[in-house]
């Protein structure tokens, strides 16, 4: 397949590298030092699932430089959604399908508003990755999963083709018949995980093993599940317990990408995670005090390291 990686950080860089190594025609859209390093030295995966050294990769600073694509894997940070989608207008008009694997629960609608609803397939990525240094992607844990599907649950040709490409690259990929439930199931895990590891500036292990911080974690999960149920996404009461089991099974040294960004002084995605829970809950008359607290506590770091 002809694949463009829109956002070549931890998630996009990892899956793009796997697809390239399997023989697909992959172009990475990147910026800054990461772009420069990939142009000079290629891309390296330092992965518990098998490392890769790709000496030469195709890289672009702007998606407008790319002539065509069958698939765009959309993994930019949430704050860059609109500008990135704007840069993909021509590729979408020429037939590219945008598969979005961003965090949060609102990106699909935001991208559709720019390129059109028939050009977007929503999905969820479950992976622990970050840029260890320019040109190097670090992955930890025994999981790296992509799940995606049409909004109406049908088995379309474009979803089947992308699934086949993923399978050929050794990627654990699933086609979801209820993508709203899939996305909200991830969100109910990720928003609490991101918020608590960012607040504590450390991995999930100590958070879940301390009774007081674990209570915060459990409350955050319960609030996200309750909101998902109220919005009729397919979540059910027992999903709160299932989500805690998923979190308990994560590597003790795992930190969410938002924690990595905060420690590096970069902008963080809290407004699209705990902030989104608090905002949507308030709009629907549902209590979400834990996520409101997380969003308020991390507010000074939304745009990066505070100055003064």
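The values are calculated or read from the model by the stated rules, or taken from the named source; none is laboratory data. None of these values were measured; they are calculated from a predicted model. Positions of Cβ are generated from backbone atoms using ideal geometry, with glycine treated the same way; all protein chains shown enter the neighbour counts.
Any residue that is in contact (Cβ under 8 Å) with a residue 24 or more places away in the chain, touching a strand residue (DSSP E or B) at 6+ places or on another chain (Cβ under 9 Å) and at positive phi - is there at least one of those in the stretch 123-142? Looking through the stretch 123-142, at least one residue is in contact (Cβ under 8 Å) with a residue 24 or more places away in the chain, touching a strand residue (DSSP E or B) at 6+ places or on another chain (Cβ under 9 Å) and at positive phi. Only a single criterion out of (1) surrounded by fewer than 18 Cβ atoms within 10 Å (Cβ to Cβ); (2) touching a strand residue (DSSP E or B) at 6+ places or on another chain (Cβ under 8 Å); (3) assigned to a helix (DSSP H, G or I) is not satisfied by residue 82, namely (2).
Based on what the data block shows, is residue 209 surrounded by fewer than 23 Cβ atoms within 10 Å (Cβ to Cβ), assigned by TED's automatic domain parsing to the domain that holds residue 270 and under 23 Å from residue 142 (Cα atoms)? The answer is yes for residue 209.
Within the span defined as the stretch 64-72, one or more residues are within 19 Å of residue 24 (Cα to Cα) and within 15 Å of the chain's Cα centre (by Cα). Take residue 62 and tell me if it is in the same structural domain as residue 164 (by TED's automatic domain parsing) and within 26 Å of residue 117 (Cα to Cα). Answer is yes for this residue.
Can you tell me which residue within the stretch 262-279, out of those that are in a helix (DSSP H, G or I) and free of Cβ contacts under 8 Å to residues at least 60 places away in the same chain, is nearest to residue 193 (Cα to Cα)?
Within the stretch 262-279, the match that is nearest to residue 193 (Cα to Cα) is 275.
The criterion of at least 2 residues that are more than 18 Å from residue 246 (Cβ to Cβ) is met by the following helices (runs of 4 or more DSSP H) wholly inside the stretch 155-231: 157-168, 179-200, 211-230.
Check whether at least one residue in the stretch 178-190 is outside the structural domain of residue 154 (by TED's automatic domain parsing), surrounded by 17 or more Cβ atoms within 10 Å (Cβ to Cβ) and without any contact (Cβ under 8 Å) to a residue 24 or more places away in the chain, and report yes or no. Within the stretch 178-190, not a single residue is outside the structural domain of residue 154 (by TED's automatic domain parsing), surrounded by 17 or more Cβ atoms within 10 Å (Cβ to Cβ) and without any contact (Cβ under 8 Å) to a residue 24 or more places away in the chain.
Looking across the stretch 58-73, the residues that are touching a residue at least 40 places away in the same chain (Cβ under 8 Å) and part of a loop (DSSP other than H, G, I, E, B) come down to 66, 68, 69, 70. From the list 167, 240, 172, the lone residue that is over 16 Å from the mean Cα position of the chain (by Cα) and surrounded by 14 or more Cβ atoms within 10 Å (Cβ to Cβ) is 240.
Looking across 231, 280, one residue alone is surrounded by fewer than 23 Cβ atoms within 10 Å (Cβ to Cβ) and either within 23 Å of residue 77 (Cβ to Cβ) or in contact with a strand residue (DSSP E or B) (Cβ under 8 Å, 6 or more places away or on another chain) (or both). It is 280. Of all the listed residues (54, 19), the sole one being within 22 Å of the chain's Cα centre (by Cα) and surrounded by 15 or more Cβ atoms within 10 Å (Cβ to Cβ) is 19.
Scanning the stretch 143-161 for residues that are free of Cβ contacts under 8 Å to residues at least 24 places away in the same chain and within 16 Å of residue 186 (Cα to Cα) yields no hits at all.
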